[in-house]
Amino acid sequence: MAKKAGCGLSLNLLVIIILAGLALVVISFVGGTVGAMIFGGEPMSIFAVHAPAPELPAEHPFAGIPITNTMITAWVSILALTGLFFAGTRKMKVVPGGLQSVVEFIFEVASNFIEDAAGKEKARWFFPVVVTIFLFVVTNAWFSLVPGMESIHLDGAPLFRNANTDINVPLALALVSFIAVEYWGFKAKGGAYIKTFLNFGALGNALVKLFTGKIKAGLSGLFSGFVAAFVGILEILSHLIRILSFTFRLFGNMTAGAILTMIMIFIVPWVIPSIFYGLEAFFGFVQAMIFGGLTLGFACAAVMPEE
Amino acid sequence: MGLGLDLATFVGQLVSFLILLGLLTFVGYKPIRKMLDQRSEKIRESMEQAEATRQEYENAKVAVQEQIKKGREEGQAIIAQATQTGNRLKEEAREEARKEAQVIVERARVELQHERDQIVDDLRREFVDTAILAAGKVISETLDKKKHRELIEEVLQESATLRGK
């Protein structure tokens, strides 16, 4: 009798499955477009995938109407998320069940995560923006992985496309994140928050000392004053650069993932793309965590009281 | 090939996201937070209530024990008192009975004495009468009957030893 080798399957069965998988890989590679180029002949029709022609700008599936496919996908994500939360909170009970436990689970995990980082009071400020960014990004990413979604073509353009791969979406999210962080900074510290960026106080003091005759104290203060002012300017730059890094991190990762999956499907139509689907699902989650998490981190830094 | 930056799309996506933010806040986050707060409030209340009930039970237990103890003490006191009263009553009854018996005995003695006196008197009278009769018979009416009686009475009086004191 064969021993259990893993996954609850006998060794023989496992070997058969692995061999079958390898066979499918080889067959689909040889029979595919790339295989046909290498070995000559025509590609088999079921493996004949069109060469990927990724477009960075979002396509317009409806001719003449300025609605892009990424917009449509974003709306679907919005509908799905709103529908989930609406259904989950429609008839709320103290003892939860069904969808209510699902949305409460999401809420509580996110709430604990944010409270751990920001404390109870600030968590209430950050929660909506951070969680909505996370949910939007991850829903966009996963929606595009639903098999067949990106295969529906209208007017030569796919009807749906991962909204995160349209640079306007990451840019919009980055801008929301940036504005929210600066708003929280001002809300927490009031006018003193501006000192983070325009810190000329020490420099001014040093100049006053210099001109009132305290040359030695003035000179030593002058240096630290310059440093403080320069740090402020660096701070301005870093906050602005965040917009770019947010945008291109999400855009780049998602676009690269989409293109990579397309290429893998083109080269080896069977088995291998499944692995990349799994990876893409994971990366979509990770990117959403990073976007939400960084927003949270920057927010915490902005509201942190200075000693 | 450009990146696809487009102001209209950007604004559209920004507005879409803000709408999502608003929708989720009002449809999701707020009701869920309210429900969670409500739930933790309810749990806190139940815990407090349970604690209060436990406290109450604890207090009641102590009170009951106190009462039992008091009752027992009271019972013991009552028993002791009853025993004492009983003893006293017994003693009194005994005393009374003794006294009564004494009285009865005394009375009986007196009565006895009286009766004896009566008997002695009767006997004496009879004796006197008999003596008189006999003497009368002997001296045949020589003596005045009345005088004779007086004489004998006198003698008897002088030697009144038969009559007990």
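The values are calculated or read from the model by the stated rules, or taken from the named source; none is laboratory data. Here the structure is a predicted model, which is why all the values come from computation and not from measurement. Backbone-built Cβ (ideal geometry, glycine too); neighbour counts: all protein chains shown. Please note that ligands, DNA and RNA were not included when accessible areas were found on the heavy atoms of the full protein model with its side chains. Shrake-Rupley method; radii C 1.70, N 1.55, O 1.52, S 1.80 Å.
Placing +1 on each Lys and Arg Cβ and -1 on each Asp and Glu Cβ, with no other charges, gives the protein assembly as shown a dipole about its Cα centre of roughly 1000 debye.
With all protein chains in place and ligands, DNA and RNA left out, the 1.4 Å accessible area ranks B:LEU133, A:LEU294 as B:LEU133, A:LEU294, largest first. Semi-axes of the equivalent ellipsoid of the range A:49-303 are 45, 25, 15 Å, computed as sqrt(5λ) over the eigenvalues of the C-alpha gyration tensor in descending order. The modelled label-to-label distance between B:GLU56 and A:LYS187, using points 7 Å beyond Cα along the C-beta direction, is 4.4 nm. The accessible area of A:SER45, taken with all protein chains in place and a 1.4 Å probe, comes to roughly 100 Å². Rounded to a whole number, what is D in µm²/s for the range B:43-164 from Stokes-Einstein with the Kirkwood radius over alpha-carbon pairs (37 °C, 0.692 mPa s)? The diffusion coefficient I find is 142 µm²/s. In chain A, the sites counted are trypsin sites (Lys or Arg not before Pro) in DSSP loop states with at most 11 other Cβ atoms within 10 Å, and the longest stretch holding none of them, exclusive of the sites, is A:94-307. Among B:THR85, B:GLN67, B:MET47, which residue has its Cα furthest toward the positive end of the charge dipole of the range B:43-164, with +1 on Lys/Arg Cβ and -1 on Asp/Glu Cβ? Selected residue: B:THR85.
Given the options A:PHE134, A:SER224, A:GLY213, identify the residue whose Cα lies farthest towards the positive end of the charge dipole of the protein assembly as shown (+1 on Cβ of Lys, Arg; -1 on Cβ of Asp, Glu). Ranked along the dipole, the leading option is A:GLY213.
The 3J(HN,Hα) values that the Karplus relation (6.51, -1.76, 1.60; θ = phi - 60°) gives for the range A:12-19 are, in residue order, 4, 4, 4, 4, 4, 5, 4, 4 Hz. Gly and Pro appear as x. For the range A:157-307, the relative contact order works out to 33 percent when only alpha carbon pairs closer than 8 Å and six or more residues apart are counted. Amide H contacts for A:LEU154 (H built 1.01 Å from N in the peptide plane; partners 5 or more residues away or on another chain; cut-off under 5 Å): A:LEU159. Computed from the C-beta positions of B:GLU153 and B:VAL105, the FRET efficiency with R₀ = 25 Å rounds to 0.15.
Over the whole of B:29-42, what's the average partner chain Cβ count within 10 Å per residue? Rounded to a whole number, please.
Working: counts 11, 2, 9, 12, 4, 2, 9, 6, 0, 2, 6, 0, 1, 2.
Taking the mean over all residues of the peptide, I get 5.
Toward the positive end of the charge dipole of chain A, with +1 on the Cβ of Lys and Arg and -1 on the Cβ of Asp and Glu, the farthest Cα among A:ILE18, A:ASN168, A:PHE29 is that of A:ASN168. Phi angles of the range B:38-48 translate, via the Karplus equation with coefficients 6.51, -1.76, 1.60 and θ = phi - 60°, into HN-Hα couplings of 4, 5, 5, 4, 5, 5, 4, 4, 4, 4, 5 Hz per residue; Gly and Pro are given as x. Bridging of A:LYS187 to lysines at a Cα separation below 19 Å is possible for A:LYS120, A:LYS122, A:LYS195, once same-chain residues fewer than 8 apart are set aside. Kindly provide the chymotrypsin sites (Phe, Trp or Tyr not before Pro) of the range A:38-91 that DSSP labels as loop, not H, G, I, E or B, and whose Cβ sees at most 16 other Cβ atoms within 10 Å. Passing both the DSSP loop test and the Cβ count: A:PHE62.
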